[in-house]
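S.K.: Attaching a single structure in structure tokens format; questions to follow.
The values are calculated or read from the model by the stated rules, or taken from the named source; none is laboratory data. Predicted model, so just to flag it, every value in this text is computed and none were measured. Glycine gets a Cβ as well: all are built from the backbone with ideal geometry, and neighbour counts include every protein chain shown. Each accessible area value is taken on the protein alone, full model and side chains, heavy atoms only, with ligands, DNA and RNA left out. Shrake-Rupley method; radii C 1.70, N 1.55, O 1.52, S 1.80 Å.
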Amino acid sequence: MAPTATEAVARRVVTTALGVAACERDVEKLEFIEEKTRDFDSEQERVLAEILARNNGAEYLRRHGMEGRTDRAAFKACVPVVTYEDLRPEIERIANGDRSNIISSHPITEFLTSSGTSAGERKLMPTIEDELNRRQMLYSLLMPVMNLYVPGLDKGKGLYFLFIKSETKTPGGLPARPVLTSYYKSDIFKHRPYDPYNVYTSPTAAILCTDSFQSMYSQMLCGLVARTEVLRVGAVFASGLLRAIRFLQVHWKELAHDIRTGTMSAKVVEPSIRAAVDEVLRPDAELADFVEAECAKDSWEGIITRVWPNTKYLDVIVTGAMAQYIPMLKYYSGGLPMACTMYASSECYFGLNLRPMCDPSEVSYTIMPNMGYFELLPHDPEAKPLCKDDPPPRLVDLADAEVGKEYELVITTYAGLCRYRVGDILQVTGFHNAAPQFRFVRRKNVLLSIDSDKTDEAELQAAVERASALLAPYDARIAEYTSQADATTIPGHYVVYWELMVGEGGEWPEAAVFERCCLEMEEALNAVYRQGRNGDAIGPLEIRVVRGGTFEEVMDYAISRGASINQYKAPRCVSFGPIIELLNSRVLSKHFSPACPTYSPHKK
Ligand code: AMP
């Protein structure tokens with residue numbers, strides 16, 4: 001939006017190629033984006049040479065014949081494309097305390113615990129100190145881009161629900177924690193200078209509390225107190241924002257009571273949080289009445305804009321697995337725009353959305369070439385998995401990406417990951433200058449996801465098998481199954497549809513048996529799932545027993561829509577509305593897991 005004449009006089013108006021910058025700092029950041037995306041390929045060449053110059057003395061690159069070499073051609077010829085499994089020996093050595101230069105010549109300072117799993121446990125991503133600056137650099141580009149589309153964000157605050165998780169140590173003594181925990185605990189975040197465009201309602205002490213109840217309670221309370229100042233509401237992922245709404249549904253009476261009395265609930269015991277909240281909480285009967293009146297209404301439609309009436313957009317990722325939450329967020333926000341601002345992972349931060357106010361279905365991320373060295377593996381869904389003796393796959397440089405094609409992202413990082421397959425499938429939608437832009441298609445092999453959990457087909461199969469053992473005494477077997485991530489409950493939960501066959505002399509299991517089966521499946525699922533269940537990120541797993549013949553009907557339906565009878569396989573996960581409706585209309589009984597599965601943060 002063009003500035004008015006008075007605004008233009010009050011400040012120097014600078015139009016960058018991306019649009020009119022909101023302030024001097026933004027000019028610099030927007031020009032930085034322009035410069036890097038214009039020189040995309042030479043920047044990639046430079047980054048690769050820099051990474052190789054740093055790390056080619058480390059054991060990994062030396063082993064692959066790269067000692068003393070920094071050129072792209074040699075790198076592509078010598079260094080293999082790898083997965084986490086391939087790197088596991090190196091990662092375990094580092095985790096166990098080997099301080100020699102294994103993958104990086106800079107010391108590995110910590111492990112970032114990825115939500116991706118391997119053998120049921122979280123992946124450990126080695127990182128080095130200066131990666132933090134690179135992450136910060138990408139964050140610093142987000143508001144300048146947002147300011148191009150939403151004016152006046154310096155006139156109010158952001159209500160962001162941000163959390164840290166408890167951390168563990170590897171046997172060798174390095175911290176292992178999620179990337180955002182590492183970032184929020186860093187001095188860069190804790191001691192960030194005042195920035196009018198980035199004022200949060202949540203006190204830092206509340207964000208830094210590992211107790212999720214105290215953290216959420218105090219963040220919500222401060223958000224309510226500042227309700228008219230709030231210009232944007234967000235969380236990292238859509239599931240987190242919905243959890244905050246659910247929290248308000250459950251706790252609004254207590255929160256209103258605190259606002260009425262000007263004293264925070266005794267359930268929040270952390271002194272640093274109490275001190276921070278004390279600064280903003282005053283007895284306010286009018287606000288307490290308002291909160292009670294709004295929250296007591298039967299309908300929560302549009303609750304976000306009712307409680308925070310000046311909210312201009314939701315800042316929350318709703319691409320990829322999070323797209324399932326779009327309808328719920330639309331309902332609670334009265335259709336506010338949802339800004340997906342960036343695309344990142346524990347391994348590396350990748351890029352940002354240069355049109356953050358676009359519709360979620362149109363979100364494309366522009367990769368920033370200074371974050372790491374990126375390559376693309378053409379994605380062929382029909383291809384067989386590679387065997388050891390197969391020739392290495394041919395990777396494409398980002399500058400040569402073809403619009404419309406799908407690729408898997410392969411990264412080489414300053415921390416020492418070389419040609420590492422991230423597992424994300426991206427589709428090229430276009431270019432900004434010379435930088436390709438990507439739609440996030442999906443994570444490879446992920447069947448079910450509610451929050452940061454990712455369950456693949458093999459894990460679901462193993463869980464179903466393990467639970468089915470409980471049916472043996474009844475001479476009952478699972479004839480067919482499929483699943484669905486149910487995003488209509490908060491938190492969302494896994495639903496597994498079972499069609500049973502009971503032998504001649506067998507008997508139909510009673511409800512308690514199915515409940516035990518639910519828990520047994522949860523016990524079999526990976527650590528990220530079980531952690532999510534023990535927090536409040538994922539609801540209890542549900543088994544819906546469907547009547548005999550249901551899966552045949554599903555097959556008939558698929559065939560009527562063109563599936564081949566010969567090749568038909570029951571889908572192990574369904575998201576297509578008519579099939580879900582069909583399954584739901586054949587349900588005989590529903591059963592929920594009666595308890596949380598075991599989870600210990602002290603296992604890695
Ligand atoms: P983690 O390994 O836990 O750090 O998770 C990183 C993964 O989250 C990425 O590899 C993606 O699969 C997913 N992810 C991150 N950002 C986005 C985004 N903006 N849209 C969709 N998926 C994302």
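S.K.: Output the peptides 96-102, 272-278, 168-174 sorted from most to least packed, where packing is the average of other Cβ atoms within 10 Å over each peptide's residues.
M.R.: On the way: 96-102: 13.4, 272-278: 17.3, 168-174: 15.3.
Top of the packing list down: 272-278, 168-174, 96-102.
S.K.: Would you list, by chain and number, the lysines whose Cα falls below 18 Å from the Cα of Lys76, excluding same-chain residues fewer than 8 positions away?
M.R.: Lys388
S.K.: Moving on to the next point. Any chance you could check the Cα centroid distance between region 300-377 and region 511-566 for me, in angstrom?
M.R.: 28 Å
S.K.: Further question on the same structure: Could you sort 151-158, 217-224, 371-378 so that the peptide with the highest average Cβ count within 10 Å comes first and the rest follow in order?
M.R.: Details: 151-158: 17.6, 217-224: 24.9, 371-378: 22.2.
Put in order of decreasing packing, that is 217-224, 371-378, 151-158.
S.K.: Let me ask something additional. In units of 2.2 N^0.38 Å, what is the alpha-carbon radius of gyration of region 446-592?
M.R.: Against the compact-globule rule of thumb, the ratio is 1.03.
S.K.: Additional query: Run the numbers on region 259-314 and let me know its relative contact order in percent, using alpha-carbon pairs under 8 Å that are six or more apart.
M.R.: On the way: 35 pairs, mean separation 19.2, N = 56.
It comes to 34 percent, rounded to a whole number.
S.K.: Pulled fully out, how much extra length does the chain show between Arg38 and Asp475, if you take 0.36 nm times their separation in residues and subtract their Cα-Cα distance?
M.R.: Values: separation 437, 0.36 × 437 = 157.32 nm, distance 6.64 nm.
Difference between extended and current length: 150.7 nm.
S.K.: Within the chain, what whole-number % of the accessible surface is contributed by carbon and sulfur, with the 1.4 Å probe and all protein chains included in the calculation?
M.R.: Solvent-exposed carbon and sulfur of the chain make up 52 percent of the total.
S.K.: Which entries in the list Lys190/Lys267; Lys29/Lys444; Lys330/Lys454 go over 27 Å, if you measure between the two C-alpha atoms of each? Present the calculation step by step, with values, prior to reporting the outcome.
M.R.: Details: Lys190/Lys267 25 Å; Lys29/Lys444 33 Å; Lys330/Lys454 24 Å.
From Lys190/Lys267; Lys29/Lys444; Lys330/Lys454, over 27 Å: Lys29/Lys444.
S.K.: Hey, what's the chain come to in accessible area per residue, 1.4 Å probe, Å²? Don't skip to the end; give the middle numbers.
M.R.: On the way: 25770 Å² over 604 residues.
Solvent-accessible surface per residue comes out at 43 Å².
S.K.: Over all distinct Cα pairs, what is the inverse of the mean 1/r for region 436-525, reported as the Kirkwood hydrodynamic radius in Å?
M.R.: Values: mean 1/r = 0.0686 Å⁻¹.
Roughly 14.6 Å, rounded to one decimal.
S.K.: Continuing with the same structure: May I ask you to list the lysines whose Cα is less than 19 Å away from that of Lys169, ignoring any residue fewer than eight positions away on the same chain?
M.R.: Here the lysines satisfying the reach criterion relative to Lys169 are Lys123, Lys185, Lys603, Lys604.
S.K.: When the Karplus curve 6.51 cos²θ - 1.76 cosθ + 1.60 is applied with θ = phi - 60°, which whole-Hz ³J(HN,Hα) does each residue of region 211-217 get, with x for Gly and Pro?
M.R.: For region 211-217, the Karplus-derived couplings read 7, 5, 5, 4, 5, 5, 4 Hz, x marking Gly and Pro.
S.K.: Jot down the per residue volume, in cubic angstrom and as a whole number, of the convex hull over the alpha-carbon atoms of the chain. Before the final figure, lay out each step's value.
M.R.: Working: hull volume 106.1 nm³, N = 604.
That works out to 176 Å³ per residue.
S.K.: From the phi angles alone, apply the Karplus equation (6.51, -1.76, 1.60; θ = phi - 60°) to region 554-564 and give each ³J(HN,Hα) in whole Hz, x where the residue is Gly or Pro.
M.R.: After applying 6.51 cos²θ - 1.76 cosθ + 1.60, I find 4, 5, 4, 4, 4, 5, 5, 9, x, 6, 7 Hz.
S.K.: Pop out the ³J(HN,Hα) list for region 408-425 in order, Karplus 6.51 cos²θ - 1.76 cosθ + 1.60 with θ = phi - 60°, rounded to Hz; leave Gly and Pro as x.
M.R.: After applying 6.51 cos²θ - 1.76 cosθ + 1.60, I find 9, 7, 10, 10, 10, 10, 4, 6, x, 6, 10, 6, 9, 7, 6, x, 9, 9 Hz.
S.K.: Another question, if that's okay. Please list the non-local residues whose amide H lies under 5 Å from the amide H of Gly234, H modeled 1.01 Å from N, same-chain partners needing a gap of 5 or more.
M.R.: Leu159, Tyr160, Phe161, Asp315
S.K.: Going 7 Å from the Cα of Arg93 in the Cα-to-Cβ direction, what parts of region 109-126 have a backbone nitrogen less than 20 Å from that spot?
M.R.: 109-112, 124-126
S.K.: Using a Förster radius of 35 Å, what is the FRET efficiency between Arg25 and Tyr331 based on their Cβ-Cβ separation? Nearest 0.05, please.
M.R.: Details: r = 37 Å, r/R0 = 1.04.
Efficiency, rounded to the nearest 0.05: 0.45.
S.K.: Starting from the exponent 0.38 and prefactor 2.2 Å, build the expected Rg for region 154-311 from its residue count and divide its actual Cα Rg by it. Don't skip to the answer; put the middle values down first.
M.R.: Values: Rg = 16.0 Å, N = 158, 2.2 N^0.38 = 15.1 Å.
Ratio of Cα Rg to 2.2 N^0.38 Å: 1.07.
S.K.: Please compute the modelled spin-label separation between Asn310 and Arg72, points set 7 Å along Cα→Cβ, answer in nm with one decimal.
M.R.: 4.8 nm
S.K.: Measuring from label point to label point, each 7 Å out along Cα→Cβ, what is the Glu294 to Ala458 span in nm?
M.R.: Taking the simple label geometry, Glu294 and Ala458 are separated by 4.8 nm.
S.K.: What are the aspartates and glutamates whose alpha-carbon lies under 14 Å from the alpha-carbon of Lys36, with same-chain residues fewer than 8 places away excluded?
M.R.: Candidates past the 8-residue exclusion: Glu28, Glu45.
S.K.: Using 0.36 nm per residue of separation minus the Cα-Cα distance, give me the extension gain between Ser105 and Tyr568 in nm, one decimal.
M.R.: Full extension of this stretch gives 161.6 nm more.
S.K.: In addition: If packing is taken as the mean number of other Cβ atoms within 10 Å per residue, what is the order of 501-510, 251-260, highest first?
M.R.: Values: 501-510: 11.8, 251-260: 19.2.
Sorting 501-510, 251-260 by mean packing, highest first, produces 251-260, 501-510.
S.K.: Tell me which residues come under 5 Å, amide H to amide H, from Ala176 once H is placed; ignore anything under 5 positions away on its chain.
M.R.: Here Phe111, Thr168, Lys169, Thr170 satisfy the definition.
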